[in-house]
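A quick write-up on the structure given underneath.
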Amino acid sequence: MGFSAPPIFIRATWVMQPLSDYGVPRSWWSWLGAAKAAGAVGLLASLSVLVIGALAGIGLCCTSPGSSSP
């Protein structure tokens, strides 16, 4: 997940085009990048605090269904 946050922040075309095609509002793009980055940081923090890792994993699972196409 950590590798997928920077392309959202730099507005990489190969990431932004599918978001537009799926109808994700532009106002959500920064929040989506922040959520992905927070999830990656949380998973790294889980190496020392297991509760943080569990919460980060739950958060990442919540974002995954939205990233798959019907």
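The values are calculated or read from the model by the stated rules, or taken from the named source; none is laboratory data. Please read all numbers here as calculations on a predicted model, not as lab measurements. All Cβ positions, even for glycine, are placed from backbone atoms using ideal geometry, and neighbour counts span all protein chains on display. In case anyone asks, the SASA skips ligands and DNA or RNA and just uses the protein heavy atoms, side chains included. Shrake-Rupley method; radii C 1.70, N 1.55, O 1.52, S 1.80 Å.
For this structure, a couple of remarks:
- Helices (runs of 4 or more DSSP H) fully within the chain counting 3 or more residues that are within 13 Å of the chain's Cα centre (by Cα) and modelled with pLDDT under 80: 26-45, 50-67
- Within segment 1-27, residues that are charged (D, E, K, R) reach partners that are open to solvent by less than 40 Å² (accessible area, probe 1.4 Å) with beta carbons closer than 9 Å, at six or more positions or on different chains, in the pairs Arg11/Trp29; Arg26/Met16; Arg26/Leu19.
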